[in-house]
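One structure is given here, and the rest of the page talks about it.
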Amino acid sequence: MSNDLMLDVGQANELKLAFRRANYTNDDIKRLCEGNVLADVRNVLRGHSSITVVEHVIDCDVDPFVPDGWKVEEHQKGGSFQWDASKVKLWLASGQKNGSVLDGNKLIKDVAKKVPFNANVLDYLLANPHLIPEEWKGNRVFFWGTVYRNTNYFVCVRCLIYKDGKWGSRGCWYGSEFGENTPALVHAS
């Protein structure tokens, strides 16, 4: 093993161009340089190791997380769902567009026709925030497939929200107004 590795300007440029093609960020490059990550990459290049793609399978049939003092009113089971952002979409009812708002009690009837995802998907995304599409920031993404009753006995639905630099969740009662920044997460097809 030689310790006289020299990185000339041409090689540095090749690396920079390769990082750009692969959409690396400066943080990604920093992580690549930590610990034994580059040694592991070298082992892949030399055929001593392999890369496996992590499949993010969400069990939409299990009982959902229930915030303290809340109870589940309704939970639509959805089987196993392998997360793929291209297979989901943010959906708005026509009454939520162009500055209009809908009461949640009316909105749920339209949302139900679209087979919304339940709160198990919400909680999986909170546990794996790197899977959440960047363009969702600025929205409160609702998971109408699970309906709760909160400590004040209001019927609620939980949403995913980006605030203070991190993803979190909150509940909104059905009597709230739902507008353009409050889409439901539904299947893309």
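Tally up the residues in the stretch 162-176 that are in contact with a helix residue (DSSP H, G or I) (Cβ under 8 Å, 6 or more places away or on another chain) and assigned to a strand (DSSP E or B), please.
So the answer is 7.
From Ala127, Ala188, Ala112, which residue is closer than 13 Å to Gln76 by Cβ and of a type in the set (Gly, Ala, Ser)?
Residue meeting the stated conditions: Ala112.
What is the residue count in the stretch 139-175 for residues that are among the small types (Gly, Ala, Ser) and exposed (fewer than 12 other Cβ atoms within 10 Å of the Cβ)?
2
Do you know which of the residues in the stretch 105-138 that are without any contact (Cβ under 8 Å) to a residue 12 or more places away in the chain and among the acidic types (Asp, Glu) is surrounded by the fewest Cβ atoms within 10 Å (Cβ to Cβ)? Walk me through how you get there before you give the answer.
At the first step, the residues of the stretch 105-138 found to be without any contact (Cβ under 8 Å) to a residue 12 or more places away in the chain are 106, 109, 113, 127, 130, 134-135.
From what is left, the residues that are among the acidic types (Asp, Glu) are 134-135.
Working: Glu134: 6, Glu135: 9.
The residue in question is Glu134.
Does Val62 satisfy the criteria of being modelled with pLDDT of 95 or more, in a loop (DSSP other than H, G, I, E, B), among the hydrophobic types (A, V, I, L, M, F, W, C) and open to solvent by 40 Å² or more (accessible area, probe 1.4 Å)?
yes
Residues are listed down the side, and each one gets a yes or a no for (1) among the aliphatic types (A, V, I, L, M); (2) part of a helix (DSSP H, G or I):
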position	(1), (2)
Val111	yes, yes
Val121	yes, yes
Gly138	no, no
Thr151	no, no
Leu160	yes, no
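Consider the stretch 82-96. How many of its residues are assigned to a loop (DSSP other than H, G, I, E, B) and exposed (fewer than 11 other Cβ atoms within 10 Å of the Cβ)?
Counting residues in the stretch 82-96 that are assigned to a loop (DSSP other than H, G, I, E, B) and exposed (fewer than 11 other Cβ atoms within 10 Å of the Cβ) gives 0.
Output the residues belonging to the stretch 11-28 that are modelled with pLDDT under 90 and in contact with a helix residue (DSSP H, G or I) (Cβ under 7 Å, 6 or more places away or on another chain).
None - no residue of the stretch 11-28 is modelled with pLDDT under 90 and in contact with a helix residue (DSSP H, G or I) (Cβ under 7 Å, 6 or more places away or on another chain), so the list stays empty.
Since Val72 meets every condition but one in (1) outside any loop (DSSP other than H, G, I, E, B); (2) hydrophobic (A, V, I, L, M, F, W, C); (3) open to solvent by 70 Å² or more (accessible area, probe 1.4 Å), which condition does it not meet?
Condition (3) is where Val72 drops out.
The values are calculated or read from the model by the stated rules, or taken from the named source; none is laboratory data. Predicted model only: the values in this text are computed from it and were never measured. Here the Cβ is made from the backbone with ideal geometry for all residues, glycine too, and neighbour counts use every protein chain on show. To get the accessible areas, we keep the full protein, side chains included, count just its heavy atoms, and leave off ligands, DNA and RNA. Shrake-Rupley method; radii C 1.70, N 1.55, O 1.52, S 1.80 Å.
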